[in-house]
Structure formats: structure tokens, C-alpha cells
Amino acid sequence: MKTKEFFSHIAERGRQSTLPRKLRGTVRFDLVHGTETDHWYVALTDDGVQVTHDVRDAMCIARTDKELFDRLVTGEAHLVASLIRNEITIEGSLPLLLLFRRLLPNVVGSRPPRQWVRSEGEEG
């Protein structure tokens with residue numbers, strides 16, 4: 001799954017149990033490829049998740065290259081690690097972006113922390 005399919009998928013699924021019930025907000029992703037920029041505007045509302053290509057203000061605006069975002073939506077890259085490496089820049093609400101990451105797939109090969117701790121304890 002790449003960027004276009006990811007946004008279609010989250011729009012179809014609507015509000016998901018991975019997001020807090022009272023979460024409302026807007027996030028715009030500006031994805032750069034060459035001299036072009038694709039815009040994906042995501043509105044989290046009571047009615048669900050709406051995705052458009054609007055270029056308007058959002059509570060959080062995240063800018064990165066399209067190649068990295070493709071890796072994020074396939075689980076090949078991690079959002080927080082990319083933020084720390086300054087591969088993604090944001091304006092506005094970081095907490096909103098961190099909640100949005102719940103819609104992204106887990107990084108390939110990752111395990112929940114408790115599962116990792118249990119497996120490490122079994123080896124020792």
C-alpha cells in the first residue's frame with residue numbers, strides 16, 4: 001500500500017477504535033517529490049474521517065518527501081524516528097500528529113514493548 005491507497009483506506013474505514021473517541025482535528029500532509037507537492041488534508045470529525053487534496057490551514061501541517069511517506073504507510077519507516085531525524089517538519093499540533101500515527105501500520109518486525117520484555121526474560 002502506498003500513499004494514495006493509504007488515504008483512501010482511512011477515509012473508507014472512518015472513525016477507528018485506535019483513535020480516541022473525542023479526537024477532533026485537521027492534519028495536512030505536504031508531500032514533496034521533485035518540484036511538485038501533493039497535499040492531503042485529513043479532517044477527523046464526529047462523522048468520520050474525510051480526506052481531500054485541499055490546501056488550507058490545518059491544526060497540524062506535516063511536510064516531508066513522498067518517498068518517506070510511502071515508507072511510513074507501508075511500515076518500513078517510523079514516524080517518531082523520522083521526526084527526530086528532522087525528515088519530517090511540522091507546524092502546529094505535535095500531539096495531534098502523534099495520535100494520527102495510530103492510523104499508520106506498525107513498523108515491519110516491531111513488537112509491542114511488553115511482548116519484547118517477556119521474550120527477553122525468557123532468554124535469560
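The values are calculated or read from the model by the stated rules, or taken from the named source; none is laboratory data. Since the structure is predicted, the reported quantities are computational estimates derived from the model, not experimental observations. Every residue, glycine as well, gets a Cβ built from its backbone with ideal geometry; the counts of neighbours run over all protein chains shown. For accessibility, only protein heavy atoms count, side chains too; no ligands or nucleic acids. Shrake-Rupley method; radii C 1.70, N 1.55, O 1.52, S 1.80 Å.
Structure summary
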quantity: Normalised alpha carbon radius of gyration of the stretch 26-92 [divisor 2.2 N^0.38 Å]; calculated: 1.11
quantity: Sparse-neighbourhood loop sites, trypsin sites (Lys or Arg not before Pro) in the stretch 11-83 - DSSP loop, at most 13 other Cβ within 10 angstrom; calculated: Arg21, Lys22, Arg24, Arg56
quantity: Sequence of Leu94, Leu31 from largest to smallest accessible area, 1.4 Å probe; calculated: Leu94, Leu31
quantity: Candidate lysines for bridging to Lys66, where Cα separation is under 26 Å - those fewer than 8 sequence places away on the same chain excluded; calculated: Lys2, Lys4
quantity: Point-charge dipole on Cβ atoms (K/R +1, D/E -1) for the stretch 1-88, about Cα centre, debye to 20; calculated: 380
